[in-house]
Amino acid sequence: SYERAVQRAREELGKEGFGVLTEIDVKATLKQKLDVEFRPYVILGACNPPLSDRALEAERDIGLLLPCNVLVYAGDTPSTSVVAALDPVPLLGLTGRSDIAPLAQDVRARMERVLAAVEKQ
């Protein structure tokens, strides 16, 4: 279910050293701002402080690409959900800095483990 997927995403992010800095409830925002009905949909802004510190030390403007966003939304089939994360390798590649590539690979591996663990449930 959607609620369980959100809970599991938070738990698995925590296991990989990420905390959720921001949570945007898209459904509630669209209802409040536009009086539009939308499926349950949340954007979790995840941050791993040690990795963020390394990234910011390497490239001060990398904050434009942080935090790592993880989406959770109700699927088209009842009682299903979708959990997704943007691939940090091409995202951090926007910096044009090859020295950031190992950091991006580390973040990718962690996010892949998060997504795989949530999918198992």
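Observations on the structure shown:
- Put simply, the amide H of residue 95, placed in the peptide plane, has no neighbours under 5 Å, leaving out anything fewer than 5 places away on its chain.
- Only protein atoms count toward the accessible area here, which uses a 1.4 Å probe; on segment 30-121, the carbon and sulfur part of that area reaches 55 percent.
- Figure legend: label point modelled 7 angstrom from the Cα of residue 89 along Cα→Cβ; residues of segment 104-118 with amide N under 13 Å from it are 104-112.
- Between 89, 42, 70, the Gaussian network model of the chain with springs among Cα atoms under 10 angstrom shows the greatest mean-square fluctuation at 89.
- Residues residue 35 and residue 106, FRET efficiency given R0 of 30 Å [Cβ-Cβ distance, rounded to 0.05]: 0.10
- Added length on full extension, which subtracts the Cα-Cα distance from 0.36 nm per residue, residue 25 to residue 58: 8.7 nm
- Accessible-area order (highest first, 1.4 angstrom probe) of the listed residues 16, 57, 112: 57, 112, 16
- Residue among 55, 28, 46 with the largest mean-square fluctuation in a Gaussian network model of the chain, springs linking Cα atoms under 10 Å: 28
- Accessible area expressed per residue, segment 1-64, with surrounding protein chains retained (probe 1.4 Å, Å²): 63 Å²
- Once C-alpha pairs closer than 8 Å and six or more residues apart are averaged by separation and normalised to the residue number of the chain, the relative contact order reads 26 percent.
- Sequence-distant lysines (8 or more away, or on other chains) whose Cα lies within less than 16 Å of residue 15: 120
- Accessible area per residue, Å², segment 69-116 with all protein chains present, probe 1.4 Å: 54 Å²
- Taking every alpha-carbon pair under 8 Å whose residues sit at least 6 apart, segment 30-89 reaches a relative contact order of 31 percent.
The values are calculated or read from the model by the stated rules, or taken from the named source; none is laboratory data. Keep in mind it's a predicted model, so treat the numbers as computed, not measured. A quick note on method: Cβ atoms are made from the backbone with ideal geometry, for glycine too, and the neighbour counts reach across all protein chains shown. SASA here: full protein model, heavy atoms, side chains in, ligands and nucleic acids out. Shrake-Rupley method; radii C 1.70, N 1.55, O 1.52, S 1.80 Å.
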